[in-house]
Each structure stands twice: as structure tokens, then as C-alpha cells.
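The values are calculated or read from the model by the stated rules, or taken from the named source; none is laboratory data. None of the values given here were measured: they were computed from a predicted structure. Neighbour counts run over all protein chains shown; Cβ positions are idealised from the backbone, glycine included.
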Amino acid sequence: MAFKPINISRPRLADEAYAQIMHAIITGLIGRDERMVQEKLAEQLGISRTPIREALFRLLQEGVLEEAGRGGFKVRELSSKEIADIYGSRCAVEGYSARLLANNPTPELIDHLHSTISQAEQQAMQAAPTVANFFKANNTIHRVFVAATENAYLLELFDNIWNRGSSFTMFAAIENVDLTNSLGGHQVLIDAIATGDGNVAAEAMIAHIYDGQTLQVSAIQG
């Protein structure tokens, strides 16, 4: 049997549809009460319904969407318990990642963390002060800690947790909280990792994450 070569540089349509729908949600192009249907999305993206269906069900499984009747979907709002569960899960993944990094805090690692975080913070401060931009910056910053462990399973868990978190982060009322506060404290995390003490690094990361939870709750409560 002859197989055709696979072009791995071309993303799967379902992955591209997923990325575009997620981007539209995070940037507010799709509102929390807007009903999404496969037919309309397929028409807007110029592709068939099959990859749209795959993308929507992936977002459904990740907790970003919920069913809205008659085959439709809408952005899902999380309960207070779910928000607490998300941040608790982040503590488990990111706290452990910080502990691992502290086991071997090479100068190259510390420089890499400093460079990535500084660049992400500068880009966020120079861009429009939107929830989407600050969310993206925080995602980039926290992801670099997990990615630096070179543990693919931890990184997969991180991405899944942050995708779930985006369903409420993007709707935080920007007028109710100074989002620049969400970018604070990251350099302290690097200093904690540089000590070479896993407990110090993990505790610093966990404390930082819980500070973020307080900031998010204050934004939601107004």
C-alpha cells in the first residue's frame, strides 16, 4: 500500500479552528452570552463542520465552553469552587516545577528566565491595557518555568489548566482592578529558584499563585 507524504508543517484544521476560537474568546470577540453553532463558525472560517466540531468538543472537555441547547455552545462561567480548584492545581504543577528547577539553578537557566520574563512584562506594559494582553503575558511567564523543567507531562498539565482558567480570566473587569499588579513578583520567583533550595522555590511559587487568585477574585467581585 502506498501512502502519501504527511506535511507536518501544516497544522490540522481542528487545531487551527481551536486556536482561532480560543483567541476570539480571550479577546472578547465572542461574548460570554453569545451562542456558537458549528454551521456559522464553519462558514466564518471557511472550512467544513468536522474540524469545527472537534475544536468545540475539545473546548467543552477543557471546561471553556458549555452546551447551549440545539447543538450550540457558549462560554462557561466558573463557580468559586472551580476557581479555587484551578489555582490549587496550578500550585501543584507550578510549585513542583519550581522545586525541580531549584535542584539545578544553572546560570544559563537563570538568565533564560530573567530574559523571558522581562520581555513578556515589557511587551504587556507597552501594549493596550487589556485583560487579553495581561493574560497572555502571565501565561508566557508562568509557562517558561514549567517548560524549563523539560518535563512534557508537566507542560501538558499546565496548558490544560490555563485553558480552563481563561474562561474567567478574560472576563475580569479591567476597571475593577489594576492589571499591572498581575505582573509583579516574578523576579522574586527566579531569586527563590537561584537559592538552590527546592522548598524555598516551591513555597515562593505557591504564595505567588495564591496572590493571583486573590487578585482575580477581587476583579470578579468588583
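Beta carbons closer than 7 Å, at least 6 apart along the sequence or on distinct chains, pair a first residue in segment 34-55 that is free of Cβ contacts under 8 Å to residues at least 40 places away in the same chain with a second that is of a type outside the set (A, V, I, L, M) and in a loop (DSSP other than H, G, I, E, B) for R35/G72; M36/G72; V37/G71; V37/G72; Q38/G71; A42/S48.
Answer with yes or no whether A84 is in contact (Cβ under 8 Å) with a residue 60 or more places away in the chain and more than 22 Å from T130 (Cβ to Cβ). Walk me through it before giving the result.
Details: in contact (Cβ under 8 Å) with a residue 60 or more places away in the chain: yes; more than 22 Å from T130 (Cβ to Cβ): yes.
Criteria met by A84.
Could we say that E67 is touching a strand residue (DSSP E or B) at 6+ places or on another chain (Cβ under 9 Å), without any contact (Cβ under 8 Å) to a residue 40 or more places away in the chain and over 30 Å from G198 (Cα atoms) here? For E67, the condition - touching a strand residue (DSSP E or B) at 6+ places or on another chain (Cβ under 9 Å), without any contact (Cβ under 8 Å) to a residue 40 or more places away in the chain and over 30 Å from G198 (Cα atoms) - is met.
The residues listed here are E39, E77, E94, E62; of these, the one that is surrounded by fewer than 18 Cβ atoms within 10 Å (Cβ to Cβ) and out of contact with any Asp or Glu (no Cβ under 9 Å at 6 or more places or on another chain) is E39.
Residues to consider are I30, I6; find the one that is modelled with pLDDT under 90, surrounded by 14 or more Cβ atoms within 10 Å (Cβ to Cβ) and not in a helix (DSSP H, G or I).
Details: I6 fails: surrounded by 14 or more Cβ atoms within 10 Å (Cβ to Cβ).
From the options I30, I6, the qualifying one is I30.
Out of curiosity, is N138 assigned by TED's automatic domain parsing to the domain that holds I206 and surrounded by fewer than 20 Cβ atoms within 10 Å (Cβ to Cβ)? If you could, list the steps in order and put the result at the bottom.
Values: assigned by TED's automatic domain parsing to the domain that holds I206: yes; surrounded by fewer than 20 Cβ atoms within 10 Å (Cβ to Cβ): no.
Spelling it out, it is not the case that N138 is assigned by TED's automatic domain parsing to the domain that holds I206 and surrounded by fewer than 20 Cβ atoms within 10 Å (Cβ to Cβ).
With the structure loaded, tell me whether F57 is aromatic (F, W, Y) and not assigned by TED's automatic domain parsing to the domain that holds H23 or whether it fails that test. Criteria not met by F57. One residue is enough: does segment 43-57 have a residue meeting the conditions of a type in the set (A, V, I, L, M), modelled with pLDDT of 90 or more, touching a strand residue (DSSP E or B) at 6+ places or on another chain (Cβ under 7 Å) and assigned to a helix (DSSP H, G or I)? Checking segment 43-57: at least one residue is of a type in the set (A, V, I, L, M), modelled with pLDDT of 90 or more, touching a strand residue (DSSP E or B) at 6+ places or on another chain (Cβ under 7 Å) and assigned to a helix (DSSP H, G or I).
The single residue among I110, I83 that is modelled with pLDDT under 90 and among the β-branched types (V, I, T) turns out to be I83.
The condition of being under 15 Å from N163 (Cα atoms) and out of contact with any helix residue (DSSP H, G or I) (no Cβ under 6 Å at 6 or more places or on another chain) holds for only one of L65, L56, that being L56.
Against the test of being within 18 Å of G185 (Cβ to Cβ) and modelled with pLDDT under 95, the options Q126, Q122 yield a single qualifying residue, Q122. So, R90, is that one without any contact (Cβ under 8 Å) to a residue 24 or more places away in the chain and basic (K, R) or not? When the stated conditions are applied, R90 does not pass them.
Give the residue, chosen from S115, S97, that is closer than 15 Å to H186 by Cα, among the hydroxyl-bearing types (S, T, Y) and free of Cβ contacts under 8 Å to residues at least 60 places away in the same chain.
Numbers: S97 fails: free of Cβ contacts under 8 Å to residues at least 60 places away in the same chain.
Being closer than 15 Å to H186 by Cα, among the hydroxyl-bearing types (S, T, Y) and free of Cβ contacts under 8 Å to residues at least 60 places away in the same chain holds for just one of S115, S97, which is S115.
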